[in-house]
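Working notes, structure below.
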Amino acid sequence: MTTEHHLAVRADRVTRHYQMGEAIVRAVEDVSLDIQTGEFVALLGSSGSGKSTLLNLMAGLDRPTSGAIFAQDRNLAEMSSEELARHRSHTIGIVFQAFNLLPRMTLEENVELPLRLAETDREARHSRVREAIERVRLSARLSHRPSELSGGEQQRTAIARALVNRPSILLADEPTGNLDSATGDEIMNLLSEINESGVTIIMVTHERPRAERFAHRMVTMSDGKVVSDGGRA
Amino acid sequence: MKGRDLAELAGRNLREAFLRNSLTTLGIAVGVASLVAMLSLGVGLQQLATDRLARTGLFDAVFVTARPTTPNFRNPTDMTFTGSPKPLDEAARQQLASLPNVVDVYPDIRFPIEIHFNGNPYPTVASGIAPSARKDGAFDGMNGTFFSGPDADEAILQIDLARQISDHPDSLIGKDLTLRYAERQPLPSGGADGKSDSDGYSIVPKEKNLRVVGIIETEPAGAFGMGRARLLLPLQLAETLRTSQATDLRDLLRNTSKGRTYDSLTVRVNDPPKVKSVEDTIKQMGFMAYSLLDASKSLGLVFTVFDLFLGIFGSLALVVASLGIINTLVMAILERRREIGIFKALGASDFDIRKLFFVEAGTMGLLGGVFGVCIGWLIGHAINFGTNVYLRGRNLPAISVTAVPWWMVGSAIAFSIVVSLAAGIYPASRAAALDPVEALRYE
């Protein structure tokens, strides 16, 4: 199957089942979804609806039980683990609810980490790191460790880290889940800015009002299936 | 991930759990130290034995004798020997000296003497020493000096004889002693018919004054290591003394050679590996030839097996230490499970994770190897020190029983790294195989 060039991600009848003892958990069930380049898509749903699993499949962190996921015309299900690692390094950026910064590294070192993994030349790294940090407005906190940063600053650091390899797709899993309302809005504004610069954003959230304010499109999942797919109300 | 980044991240990880990683590294160091100490003892003892044997001058020498005549096997009751063997005379000596790779050919001149010093007689055996024997190392560390010339009227005493003569053996150096020996003198010309030369000879006692120039621990072994002489004198001087030899009677009976024949000749070769070819050539010339090459090969084999066993015992500690590496890295996987998940989410491949753990294991192996070699070297010195304290207590000369050559330093460090990397295979594979989604969920 081929995909059209304006599609950032395409899920084609994707299923992901887990074996939990004797039982089979149907986390994602026959989901098909096309996400256009430059879209800001919110994946909504209650806990256990399968939205994070779908995001992990799009990130190449997990493989579908059946079906196919295309990113930039390439089927992730057919990629080797090395190719998936390259996909995560060069095509996508990931932001987590729990920030997932490395506590013993400074802000600058955390942001630099994806460049090390992508084997970017040392000469180019400094400017790339500064550029990403300036984008999230944390230039004054370069040498601070995560424990010395607020929750919002940590999430902005995580966003800078996700952007430093200049990905075309940003995947965010509950990026405001650990933040207060005002800080959450700050982060959402930042994500909007990033989206306006041309980066496709797929965001998992259970906060419908916030999604309605910032996302172009809302896909709601329940019991592993897409139950609604539409634009802002 | 590039090598430098890998090294930086591995270094950071190792510093994170500094105490645990230091203890693991110390465990490796103890293992390597045990290995190095054991091997240094084996190599040291081998060097000691080889050195001592080399000093005997046996391993670069071929001992030549005349081929014996063969008994008549067709008639077992007739035990007379037949055939005419090639005589080992002066002509044969010159022929042997002209062979390639031969540096010296000299007879084994050994004769009974009586030393007179301060009016007391000391019966013993004297032996002529070729100038080339000086290079063997047998005279290294002797008290006094080697002979000043090839025919100098000088003597070197073996320590036991020197002790017999004086309570202060070293005080004999520079003093003169009188040597009494039996000289072979040909009978005057004119046989029974008054025309022919006589083939007979007479033996008359003679004396010779010699100055003691040195005192040596043991005599360098002569042909077949026989006849421990206690007084050594220059070979050329010994030859001019025309002392009565064991072969004289045989020469008289056979009358096969106009000149004097030798019981045996020692052929010195410039390089021990060439001994075999020289030996073969001499056999083809019609002489009996024998060298200790095979004996030295057997000795080398014995020490190789000895070193192997010492190495195996020494390696056991390193194997135990490698379990410590496995334990440390498996603990690190548990502690850094989430971090591994983050690395993978950010683009690290399974291979990157595996390399990171390998570099950490290898770094511990490298550091443990370096420290271990240092500790092993110190243990070797302690063994030497203890051994020499013991030997000095028994009035014996100091020796070195351990040796840490450069090849051992390099090999021990390399072995430590290899063992550490092998120990890292399981943890590294386990870390690389972690499911990133599961790892990211880990608290």
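The values are calculated or read from the model by the stated rules, or taken from the named source; none is laboratory data. Values in this document were obtained by computation on a predicted structure and should not be read as measured data. All Cβ positions, even for glycine, are placed from backbone atoms using ideal geometry, and neighbour counts span all protein chains on display.
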If A:E174 satisfies all but one of (1) touching a Leu at 6+ places or on another chain (Cβ under 9 Å); (2) surrounded by 16 or more Cβ atoms within 10 Å (Cβ to Cβ), what's the number of the condition it fails? (1)
Just give me the residues in the stretch B:1-29 being without any contact (Cβ under 8 Å) to a residue 60 or more places away in the chain and either basic (K, R) or away from every other protein chain (no Cβ under 14 Å) (or both), in sequence order. B:K2, B:R4, B:R12, B:R15, B:L19, B:S22
Please verify whether the stretch A:4-26 includes one or more residues that are under 25 Å from B:F343 (Cα atoms), touching a residue at least 60 places away in the same chain (Cβ under 8 Å), among the aliphatic types (A, V, I, L, M) and within 14 Å of chain B (Cβ to nearest Cβ). no
Any hit, the stretch A:16-32, residues being closer than 21 Å to A:G93 by Cβ and outside any helix (DSSP H, G or I): no
Check A:T157, A:T220, A:T183 and return the single one that is over 16 Å from the mean Cα position of the chain (by Cα), among the hydroxyl-bearing types (S, T, Y) and under 20 Å from A:L107 (Cβ atoms). A:T183
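Every residue, every condition in (1) modelled with pLDDT of 80 or more; (2) under 26 Å from B:L292 (Cα atoms), yes or no:
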site: B:F139; (1), (2): no, yes
site: B:R180; (1), (2): yes, no
site: B:G190; (1), (2): no, no
site: B:E207; (1), (2): yes, no
site: B:G214; (1), (2): yes, no
Residues of the stretch A:67-126 classified as within 20 Å of A:L163 (Cβ to Cβ) and among the small types (G, A, S), total: 7
Options B:A398, B:A428, B:A423; residue that is touching a Phe, Trp or Tyr at 6+ places or on another chain (Cβ under 6 Å) and either closer than 30 Å to A:Q97 by Cβ or away from chain A (no Cβ under 14 Å) (or both): B:A428
Please find, among B:S132, B:S127, the residue that is in contact with a strand residue (DSSP E or B) (Cβ under 7 Å, 6 or more places away or on another chain), of a type in the set (S, T, N, Q), at pLDDT below 85 and closer than 28 Å to B:K208 by Cα. B:S132
Which numbered condition B:N388 fails, given (1) away from chain A (no Cβ under 14 Å); (2) closer than 24 Å to B:T24 by Cα; (3) not hydroxyl-bearing (S, T, Y): (2)
Can you confirm whether B:I156 is aliphatic (A, V, I, L, M), modelled with pLDDT of 70 or more and touching a Gly at 6+ places or on another chain (Cβ under 7 Å)? yes
Out of the residues in the stretch A:93-112 that are in contact with a helix residue (DSSP H, G or I) (Cβ under 6 Å, 6 or more places away or on another chain) and in contact (Cβ under 8 Å) with a residue 60 or more places away in the chain, state the one that is nearest to the other protein chains (Cβ to nearest Cβ). A:I94
On the given criteria, is A:A77 more than 9 Å from chain B (Cβ to nearest Cβ) and farther than 20 Å from A:R135 by Cβ? yes
Of the residues in the stretch A:188-233, those that are of a type in the set (D, E, K, R) and assigned to a loop (DSSP other than H, G, I, E, B) come to A:E207, A:D223, A:R232
Please verify whether the stretch B:320-340 includes one or more residues that are within 14 Å of chain A (Cβ to nearest Cβ) and within 13 Å of B:A433 (Cα to Cα). yes
Return yes or no: is B:L356 over 30 Å from B:T50 (Cα atoms) and either more than 41 Å from the chain's Cα centre (by Cα) or more than 14 Å from every other protein chain (Cβ to nearest Cβ) (or both)? yes
Tell me, which residue of the stretch A:133-159 that is touching a residue at least 40 places away in the same chain (Cβ under 8 Å) and among the small types (G, A, S) is farthest from A:L101 (Cα to Cα)? A:G151
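Condition check ((1) aliphatic (A, V, I, L, M); (2) at pLDDT below 90) across all residues:
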position: B:E8; (1), (2): no, no
position: B:N13; (1), (2): no, yes
position: B:E16; (1), (2): no, yes
position: B:S22; (1), (2): no, no
position: B:T25; (1), (2): no, no
position: B:V32; (1), (2): yes, no
position: B:L48; (1), (2): yes, yes
position: B:D51; (1), (2): no, yes
position: B:G57; (1), (2): no, yes
Among residues belonging to the stretch A:41-64 that are assigned to a loop (DSSP other than H, G, I, E, B) and buried (at least 17 other Cβ atoms within 10 Å of the Cβ), point out the one that is farthest from the other protein chains (Cβ to nearest Cβ). A:S49
Considering only residues that are more than 8 Å from chain B (Cβ to nearest Cβ) and surrounded by fewer than 18 Cβ atoms within 10 Å (Cβ to Cβ), which ones fall in the stretch A:80-89? A:S80, A:E83
